[in-house]
Amino acid sequence: MGNFLAGKVVAVTGAGRGIGRAVALAAAAEGAKVVVNDYGVAVDGASPTSAVAEAVVKEIEAAGGDAVAVADDISTMAGGQRVVDVALSSYGRLDGVVCVAGILRERMLFNMTEEEWDPVVATHLKGTFTVFRAASAVMRRQRAGTLIGFTSGNHQGSVSQANYSAAKGGIISLVRSAALGLHKYGVTANAVAPVARTRMSAGVPMELAEIGEPEDVAALVVYLLSDGAREQGITGQVYTVAGAKIAVWAQPRELRAAYASGGWTVERIAEFLPGSVGVDPMPMLERLREMERAARGGERPNAQ
């Protein structure tokens, strides 16, 4: 066992399987006491069971670590609060939370139902909020702590996952808001956009040129939870980890602007917008067009 997180208490949601499980195991191996949260549902959010969280606790304990299971649904305020309450009642403090829990319900936007939209946004976005909200109150009093949300490269947009993409984009804005609002209390907030082999990535209908394992993601998360990352002032960032690659995403900013004395009219906008302000090419759209061209030529689509 290592000591990157020695003496720390870390809560991980969605920790029963995949990346969440890898994060929980890695945090424990680096000395943290771990609250293992998982509602135990299928990929689509159905059939909850507490067994998956309890199984990870047993793995951690068998390896000499210390962990406790929480099977609550973090898409509710009570569920998010319980994750934090269990950390405090079991270990007396909470140094980091990692919100990995998520589900998928794929559908084209024009066919998507409310029943397919609401649970995905609730699990990903609200589920991150409920835990962040409860944890940040504790960390503010401690004047220390780390919040980590999980986003996706699909925050750029997705053909058939508008619900998932919207939630993942929201998590980035939530993380940046947390970073701004909590920095004076010594609390950091960052987001991770993983590309790894999990049950959720198994249905991606294309080859991924850059993809790794859950353990690759866990290594980055452990570092972001560590004092070293906090001392480096790492906050408000979005990192991708895909096998051998770690990348940081740009902060949102204006690219170009045009000004009109006396205000804008439709005619003046028609004159200035295309040439002076222009557009910022959408990488996902360009990639989609490339894939469509490849498919028409009989080639197998490939995602970079």
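Listed here are the residues, each with its yes/no results for (1) at positive phi; (2) part of a loop (DSSP other than H, G, I, E, B); (3) at pLDDT 95 or above.
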| position | (1), (2), (3) |
| --- | --- |
| G236 | yes, yes, yes |
| V241 | no, no, no |
| Y259 | no, yes, no |
| I269 | no, no, yes |
| F272 | no, no, no |
task = Check the range 51-72 and report whether any residue there is closer than 21 Å to E106 by Cα and either touching a Ser or Thr at 6+ places or on another chain (Cβ under 8 Å) or modelled with pLDDT of 95 or more (or both).
result = no
inquiry  = Could you go through the range 131-139 and let me know if any residue there is open to solvent by 50 Å² or more (accessible area, probe 1.4 Å) and not β-branched (V, I, T).
reply    = yes
ask   = Counting just the residues of the range 1-15 that are more than 10 Å from V222 (Cα to Cα) and open to solvent by 10 Å² or more (accessible area, probe 1.4 Å), which one comes out modelled with the lowest pLDDT?
value = M1
remark   = With criteria (1) hydrophobic (A, V, I, L, M, F, W, C); (2) touching a residue at least 12 places away in the same chain (Cβ under 8 Å); (3) open to solvent by 10 Å² or more (accessible area, probe 1.4 Å), L94 comes up short on (3)
note = Scanning the range 67-121 residue by residue, the ones that are among the β-branched types (V, I, T) and part of a loop (DSSP other than H, G, I, E, B) total 5
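The values are calculated or read from the model by the stated rules, or taken from the named source; none is laboratory data. Just so it is clear, the structure is predicted and the values come from calculations on it, not from any experiment. Heads up, the Cβs are rebuilt from the backbone with ideal geometry, glycines too, and the neighbour counts pull from every protein chain shown. Just the protein is used for accessible areas: all its heavy atoms, side chains included, with ligands, DNA and RNA removed. Shrake-Rupley method; radii C 1.70, N 1.55, O 1.52, S 1.80 Å.
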